[in-house]
Amino acid sequence: MALPLPPGLTHAEVAFLAEMELVTVVPRQRLDSIDLLGGKTPVLRPPHRADLPLWLALLLKKQRRANILPPAWLHPASLSDIIHAETKLNPEAFSEPPPRPSRADPSRPGIARRQHGSGGGDDGDDDDDDGVYSGGVTLSAPFRPSCTADAPAGYLPYHWLEVAEQLLAHAGDDVAAALGGGGGGSGGTATSLSSSSSVLGEVRGLLRDLVEVRAAKLRSSTAALGSFGGGVMSLRGVGAMELAESRGFVLGVVDGVRKLGASVETARREAEEEGMDEGGDGESDEEMGF
């Protein structure tokens with residue numbers, strides 16, 4: 001008999017889904033297109049950039065056939081701005097998710113339209129901010145290019161923590177080189193390695209601070225669920241791994257509030273029944289003349 005699985009996705013499943021996020025690579029040798037379930041990959045021609053799934057980019061990196069360009073939101077300045085916004089500017093809300101990509105409209109100079117998914121219409125005025133396009137196609141992570149080199153800084157994508165951990169673990173030299181810590185100056189190799197390690201250490205420290213800030217904010221947000229009337233908790237901007245880690249805590253709070261509400265309701269009904277019984281006995285005594 002199989003054991004019951006916990007509700008939601010496990011950490012391993014979330015990390016597996018994050019490997020479908022698109023990242024930008026710089027190929028070191030030519031590679032033909034590959035047929036995948038999600039479609040064909042672009043032909044790799046050095047030194048032209050290309051967007052590939054994270055799992056394929058890490059495989060090419062391991063084989064020394066490509067280098068990975070980290071997204072702009074992984075830069076220390078971007079992480080510092082996000083931490084400042086979540087602790088000082090808006091301490092009660094999470095940072096906004098990255099906006100959908102847009103491109104210039106050749107028929108109307110100076111006007112940009114948001115790009116549609118497959119099956120989307122031509123009119124960008126029917127789009128809303130939830131990723132639902134006029135053609136009925138909904139694009140969400142990992143099918144948004146929110147981890148590529150063209151992704152805007154100052155926004156955290158849905159799989160930000162998983163992608164950051166994978167890039168730092170398996171492409172740390174590329175991250176350090178892109179962030180300005182991998183260049184070999186007059187100090188030689190030792191200076192370059194020291195600079196790279198300091199940059200990676202700074203990024204890891206900022207990520208650790210960001211995880212702690214958002215985890216504390218997520219725990220404090222459950223106070224809204226304590227009202228017996230049914231509180232509302234906003235999860236806009238919360239990442240996939242954060243949801244997986246906090247799911248048990250939030251479900252425990254909701255279950256506890258439900259049990260408390262049920263016990264209070266039971267006590268209230270018992271009190272009402274006792275009051276009705278006492279009132280009924282008094283009326284019967286008066287009618288009998290006692």
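Of everything in the stretch 158-180, what is farther than 15 Å from LEU200 by Cβ and surrounded by fewer than 24 Cβ atoms within 10 Å (Cβ to Cβ)? Give them in sequence order.
Result: LEU161, single match.
What is the number of the single condition among (1) free of Cβ contacts under 8 Å to residues at least 60 places away in the same chain; (2) in contact with a helix residue (DSSP H, G or I) (Cβ under 6 Å, 6 or more places away or on another chain); (3) polar (S, T, N, Q) that GLN29 does not meet?
(2)
From the list GLU242, GLU202, GLU212, pick out the single residue that is surrounded by 13 or more Cβ atoms within 10 Å (Cβ to Cβ), at pLDDT 85 or above and over 14 Å from LEU74 (Cα atoms).
Only one candidate qualifies: GLU242.
Does the stretch 43-75 hold any residues that are open to solvent by 10 Å² or more (accessible area, probe 1.4 Å) and farther than 17 Å from GLU21 by Cα, and which are they?
Scanning the stretch 43-75 gives VAL43, ARG45, PRO46, PRO47, HIS48, LYS62, GLN63, ARG64, ARG65, HIS75.
The values are calculated or read from the model by the stated rules, or taken from the named source; none is laboratory data. The model shown is predicted, which means the values in this text are computed figures rather than measured ones. Please note: Cβ atoms are built from the backbone with ideal geometry, for glycine as well, and neighbour counts cover all protein chains shown. Please note that ligands, DNA and RNA were not included when accessible areas were found on the heavy atoms of the full protein model with its side chains. Shrake-Rupley method; radii C 1.70, N 1.55, O 1.52, S 1.80 Å.
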